[in-house]
Amino acid sequence: MTLTVEQKKLAERLGNAFNQNQPLERDKYVGVVNDFDTAYEVQEVVMSHKTEKTAGYKVSLTSPETQAMFNSDSPLYGAQVASRFLKSPCTLDLSDYNEPLVEVELQFTAKKDLTPDMDLEELLNNTTVAPALEVPDARFKDWFPRLDKYLVLCDSAVGGAVVSGESRNGDELNVQDLAEVKATLTHNGQKVSEGFGSEVLGNPLMSLQWLVGKLASQGHPFTAGTYASTGTFLLPPKLVAGEWRVSFTNGFSDVVLNVKSK
């Protein structure tokens, strides 16, 4: 596929916006990309402008609510560089981000190459699973929930950072465990929201299976060591300064993120 001059400029500016943390004016780019295939092509060019290689992916629009917000009937994925996958507990500075949100997810890490023919149990057995808190963020001003789905996709599915807790071997779990896991999000000790794994396409493993298949259809393998943050359990609040904590059931550890103000 050959991108237009405008699409190439968009990709370059998104890459620069990521590297320099200087957001773009959203309305200037509406209509530059109008289909998913082109948006994924733009995303690939955006990633080539970043100073690190892709270490994993995040999946967005994995619930009826979030799909409706962005007028989409399918999930989207975004590539993520290694430095944006972090370990709990950690500290982030709001000045390093634009307009970040908070999501609660599960993160999978491949123990071997994952392939589209694997069923949910095979995928689980060949991954580790960690509780996670994701920080979505866009390279556009005033983006949530007004950014159109094609610009979301161009912008690596608005990837910001993923903070994960202790990993567990998937072969010690069962598929239903992941649908039933409950997560409670608190800010400075006050409950903000809660949700279940079933909010993510019925089971976070369904999101992982979709991602592996989508990447394969584009000629991208899901190799051993690759991360996947698979979609939020709840609608995301705005990230503000203070301590954010997610408590998970079913034997998963807490995830703690301390946020400093600008």
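Summary table below
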| item | result |
| --- | --- |
| Unmet criterion (only one of (1) surrounded by fewer than 20 Cβ atoms within 10 Å (Cβ to Cβ); (2) touching a residue at least 24 places away in the same chain (Cβ under 8 Å); (3) not in a loop (DSSP other than H, G, I, E, B)) for residue 77 | (1) |
| Search result, residues across segment 176-208 that are in contact (Cβ under 8 Å) with a residue 40 or more places away in the chain, of a type outside the set (Val, Ile, Thr) and touching a helix residue (DSSP H, G or I) at 6+ places or on another chain (Cβ under 6 Å) | 178, 197, 201, 203, 204, 205, 208 |
| Odd one out for residue 122 among (1) at pLDDT below 95; (2) assigned to a helix (DSSP H, G or I) | (1) |
| Which numbered condition residue 153 fails, given (1) of a type outside the set (Asp, Glu); (2) part of a helix (DSSP H, G or I); (3) over 15 Å from the mean Cα position of the chain (by Cα) | (3) |
| Matching residues, segment 213-248, being of a type in the set (D, E, K, R) and under 20 Å from residue 184 (Cβ atoms) | 238, 243, 245 |
| Per-region count, segment 14-30, residues surrounded by 17 or more Cβ atoms within 10 Å (Cβ to Cβ) and without any contact (Cβ under 8 Å) to a residue 60 or more places away in the chain | 1 |
| Failed condition for residue 236, given (1) closer than 25 Å to residue 55 by Cα; (2) without any contact (Cβ under 8 Å) to a residue 60 or more places away in the chain | (2) |
| Yes/no for residue 251 being at positive phi, exposed (fewer than 15 other Cβ atoms within 10 Å of the Cβ) and in contact with a Lys or Arg (Cβ under 9 Å, 6 or more places away or on another chain) | yes |
| Test for residue 66: is it in contact with a Gly (Cβ under 9 Å, 6 or more places away or on another chain), in contact (Cβ under 8 Å) with a residue 12 or more places away in the chain, part of a helix (DSSP H, G or I) and within 29 Å of residue 197 (Cβ to Cβ) | yes |
| Leading residue by the ranking (farthest from residue 140 (Cα to Cα)) among those in segment 1-36 that are of a type in the set (Asp, Glu) and part of a helix (DSSP H, G or I) | 6 |
| Scope segment 111-143; condition surrounded by fewer than 22 Cβ atoms within 10 Å (Cβ to Cβ), within 25 Å of residue 83 (Cα to Cα) and of a type in the set (Ser, Thr, Tyr); matching residues | 128 |
| Odd one out for residue 146 among (1) surrounded by fewer than 16 Cβ atoms within 10 Å (Cβ to Cβ); (2) among the charged types (D, E, K, R); (3) assigned to a helix (DSSP H, G or I) | (3) |
| Within segment 156-182, considering residues that are part of a loop (DSSP other than H, G, I, E, B) and more than 15 Å from the chain's Cα centre (by Cα), the one surrounded by the fewest Cβ atoms within 10 Å (Cβ to Cβ) | 174 |
| Test: residue in segment 222-243 that is charged (D, E, K, R) and over 18 Å from the mean Cα position of the chain (by Cα) | yes |
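One line per residue, one yes/no per condition, for (1) at pLDDT below 95; (2) under 30 Å from residue 173 (Cβ atoms); (3) touching a Gly at 6+ places or on another chain (Cβ under 8 Å):
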residue	(1), (2), (3)
2	yes, no, no
37	no, no, no
41	no, no, no
45	no, no, yes
56	no, yes, no
81	no, yes, no
94	no, no, no
97	no, no, yes
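Here's the yes/no breakdown for (1) part of a loop (DSSP other than H, G, I, E, B); (2) at pLDDT below 95:
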position: 209; (1), (2): no, no
position: 215; (1), (2): no, no
position: 220; (1), (2): yes, no
position: 235; (1), (2): yes, yes
position: 246; (1), (2): no, no
position: 251; (1), (2): yes, no
position: 259; (1), (2): no, no
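The values are calculated or read from the model by the stated rules, or taken from the named source; none is laboratory data. Just so we're clear, the structure is a prediction, and the values are computed from it rather than from any experiment. Heads up, the Cβs are rebuilt from the backbone with ideal geometry, glycines too, and the neighbour counts pull from every protein chain shown.
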